[in-house]
1. Against the conditions (1) within 33 Å of the chain's Cα centre (by Cα); (2) part of a strand (DSSP E or B); (3) of a type outside the set (Val, Ile, Thr), where does Ser126 fall short? Just the number, please.
2. Checking Thr430 against (1) among the β-branched types (Val, Ile, Thr); (2) over 20 Å from Tyr384 (Cα atoms); (3) in contact with a His (Cβ under 7 Å, 6 or more places away or on another chain), which single condition isn't satisfied?
3. Would you please name the residue that is modelled with the lowest pLDDT, looking only at residues in region 148-166 that are farther than 24 Å from Ser246 by Cα and touching an Asp or Glu at 6+ places or on another chain (Cβ under 6 Å)?
4. I'd like the full set of residues that are of a type in the set (A, V, I, L, M), farther than 18 Å from Ala130 by Cβ and more than 22 Å from the chain's Cα centre (by Cα), limited to region 68-115.
5. Within region 531-554, count every residue that is part of a strand (DSSP E or B), touching a Ser or Thr at 6+ places or on another chain (Cβ under 9 Å) and surrounded by fewer than 19 Cβ atoms within 10 Å (Cβ to Cβ).
6. Just one of Leu398, Leu448 is in contact (Cβ under 8 Å) with a residue 40 or more places away in the chain, in a loop (DSSP other than H, G, I, E, B), under 30 Å from Ser556 (Cα atoms) and not aromatic (Phe, Trp, Tyr); which is it?
7. All but one of (1) farther than 30 Å from Lys410 by Cβ; (2) among the hydrophobic types (A, V, I, L, M, F, W, C); (3) out of contact with any Asp or Glu (no Cβ under 9 Å at 6 or more places or on another chain) hold for Leu773; which doesn't?
8. Given the condition under 23 Å from Met179 (Cα atoms) and outside any strand (DSSP E or B), answer yes or no: does some residue in region 78-91 qualify?
Amino acid sequence: MSSAVRPKLKAAFKKARVIAPLHTGGPVAITQDGTKLVTCVEEEAILTDVQAGTEICRFLGDTESITALCITPSSTHLLLFTSSLALRIYEIPSSLEPLSKPVQPIRVIARAHDAPVHVCRADPTSTYLASGAADGTVKVWHIQRGYVTHVFKGHGGVVSALAFNYPFDPSSVVREQKMQLVTASVDTRIRIFDLSAATSKTGAAAKAEAVLEGHVSVPRGLDVSADGKWLISGGRDSVVMIWDISSGHENTTPKTKSSKGKGKETKFSPVLSKTIPVLERVEAVGLLRHDEDLAGSPSGPNKLRFYTAGEKGVVKIWDAREGAVLFTLGQEQDAVDEEQEEQRQILHSIYLPSKSVIVSVHADQNILFHSLSSQSLARQMIGYNDEIVDATFLSPHLPQNAPAGPPSAKYMDTHVALATNSSLIRVYSTSSLDARLLSGHSDIVLSLAGAADGRVLASGSKDRSARIWAPQHSNPEGEADQQALSEWGCVAVCEGHAESVGAIAMSRKPTENASEGALRFMFTGSQDRTIKMWDLSSVPLTYDAAEETRTVKCKSLTTHKAHDKDINSLDVAPNDKLLVSGSQDRTAKVWEIEYVITGGDKSRTVRGELKLLGTCKGHKRGVWCVRFGRAERVLATGSGDKTVKLWNLEDFTCVKTFEGHTNSVLRVDFLNAGMQLVSAASDGLVKLWNVRDEECTATMDNHENKVWALAISSDERTIVSGAADSVVTFWEDCTEEQEQEKESKRAELVSKEQDFMNYLALHDYRNAILLALAMEQPGRLLSLFRNLPSDAASSDIDASSSVTGHPAVDEVVRTLSGPDLARLLRYVRDWNARAKTSGVAQRVLHAVVKLRAVDDVVAAFGEDNALSLAAEVTEGMRSKDPKGSTALKELVEALIPYTERHLARMERLLQDSYVVDYLLGEMDDGLFNDVEDDTHDAPMDVDRAVEVSA
């Protein structure tokens, strides 16, 4: 019998993707093509690729909160105001590639206003910026040059909305360009100012051309039609007003009502054309373009359509002539409490004509992209997830009638569900930030579990109930986009616990009889210390929106008082025969599951029971997580005592203990058929363990708080970790990549070493030295220079005139490139610091000084620093020494002390040699013969040049 091949151990995981906070409150802007989104995360503005859901860059702020921002219509500049009253102008990167360093502002105006700015908008030509402050002042800025062109005063409070009126008529060749600015304030009035060049040249007082009255509360939205004839305004008085501001009404009325009898006539008199009650507080309003395709509705210049968004959290499309709603984007919920209603309301909306999309920004930091053509939700980006409590992979597109065997990889783990510090469940696409919210629980969701290979989701909540969720549409043929997000709905409810449901586990083994349904049973563990078993045989695998009211009420098969304290975790064995429960009472209990279905379809009865098999005792703190082995009869537990323990299910004894975390172990799971473990803890780390030797092989660090959530994909190549810092990290297996990289480096090194040896054998010193420098192996270079005299002698080469000991090497030193020369001199500095290698260092240094000019050495360090500067600029850093003078100075300062020490040592050695010579001479004949030998003093006549050369 041949033994099964053991899977290869995983050794490394890399950070592949991160779901981080995208928007924590504040203004939002998006480019006109809908590809880049600017949001605020605390005091920073970040730029996000909408399609991929990845962060492109961050804009360097001034540590103050952002009060207003906008993007020019050309999508080239970002303009933002902070609470420090500063105006900061940035250039938006044209590429979608992520940048490692923050984008610096191209201009900063320290005190742009005397009061905080809450609204700003750029004109259609991307030349001017209008900003409205809390003191009622409106300023118009020239974006490129950064100066103020107009200052308007007159509002009696905070400026609440701005809009430019710059109509462009392609049929008109020559005409006077006239630009107007429309402003609104909390004083309920709307003012129209002239920004034409003629007005600015005459120096006339910046007075409003017209003051429009009609709203009784704050106007929050303003927009002007493309032809400049219609102005629309919406406010918190729940009405939308349409004004005719066409030039045909100029001077038709001698005095407007808005002048309040002051005798000041305006230049023209806009006329209130229509008032439309909206029946909700309006926070945003805008006109749709005439060529907009509204899913078959008639279009043309006589049809004026607009959208409104406000407190009900939906976007409504209106027909202005009829004053009726054409259709609604989003779902309006009726039975919600006041807090949820406030969170759901829309604070701002942006209309993208090029994409036929309306983007709505909600109070709960969610950003929704509504498609006008399909009248559906095209994309949803969740701004802030708060604490991540639990996570699980989902496969909503997995075909129900799939063939036997493992499911196709393209269907598996296409989505991930997150339970956060909220009653809403987040379902993300694993390839983008597109998400959906599942609403149904009335309190915080604490636990999640998947079933039927990820086609069904179960959740447990603080509202003392558990719910089963299913996707609205299945994908039996596999033709749809596997990353597309389906709408999910609640198909079953399990109610009966007296406290929070903090643990949930579903059956893993599918039913053998197709008529019984794909689901079998589920267990829930509660703070009331009981475990309940639920029958799921009648729960469907798909959600039908038309039959939403027919939610299955699951039946409890059995209830057991299982522990003395809260139950934190549950898990079902792969064969559905065993259940394990972990509790704060520091124990884990193993139960035998009995699940029997008797009778036919009409008289079918289901019976379920639990029987205690044993208790695993040994942890010193509460047990936070329990997991069965996927292939072997073992059990892993993670505890608050910072350890992971492995238990034998035969006698319930601890067989291994894994220590390494510095805080409570919150999650644990198996990998590689039980050969490895993955654990997550309160220290913010995720660790990978080898079970055989009880060693930690990898540590994954990307969290700053407790890692509550841990999920492993079906192919075990991806690990998802979620923490209390609201960050979700996708870790991908890179063991093979690292091994291939190491192998390629080793092979390359072996090849280079062989080439080096071949060059030496062929006396090709140029290539040998260049290769040693490229390999950064000073040891081989030192050996080469040390053996030069002997190599020259063996080759019958006259080295008397050579500086280095070999003429060929002299030529190499004379012609070395700048960076290579600088690297060689750094090696010389290191060799010179040791007496054993100082001789070679002095010889090479002498050769460099003799063979190279001073300018060459200075230029060499300049070129080397230029290469380093290019690399640093690529990484966003700046070098303070572009010419390399500092590096050369440091090198010389490091060479001088050791050189002086070597010289002093040689002088002492020379003096000692005099004594030796004297003693030897005296021993020869000085002690026995008084006759003075003229040649006796000859050894003392040592040429000083020898000393200098030494």
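1. Failed condition: (2).
2. (2)
3. Gly156
4. Going through region 68-115, the residues of a type in the set (A, V, I, L, M) turn out to be 68-69, 71, 78-80, 85-87, 89, 92, 96, 99, 103, 106, 108-110, 112, 115.
When the remaining residues are screened for being farther than 18 Å from Ala130 by Cβ, the result is 92, 96, 99, 103, 106, 108, 110.
Listed by number, the residues that qualify are Ile106, Val108, Ala110.
5. First pass over region 531-554, keeping only residues part of a strand (DSSP E or B): 531-535, 552-553.
With touching a Ser or Thr at 6+ places or on another chain (Cβ under 9 Å) added as a condition, the list becomes 531-535, 552.
When the remaining residues are screened for being surrounded by fewer than 19 Cβ atoms within 10 Å (Cβ to Cβ), the result is 552.
Matching residues across region 531-554 total 1.
6. Values: Leu448 fails: in a loop (DSSP other than H, G, I, E, B).
Leu398 is the lone residue from the list that is in contact (Cβ under 8 Å) with a residue 40 or more places away in the chain, in a loop (DSSP other than H, G, I, E, B), under 30 Å from Ser556 (Cα atoms) and not aromatic (Phe, Trp, Tyr).
7. (3)
8. So far as region 78-91 goes, no, none of its residues is under 23 Å from Met179 (Cα atoms) and outside any strand (DSSP E or B).
The values are calculated or read from the model by the stated rules, or taken from the named source; none is laboratory data. All of these numbers come straight from a predicted model, not from anything done at the bench. Reconstructed Cβ throughout: ideal geometry from the backbone, glycine too, with neighbour counts over all protein chains shown.
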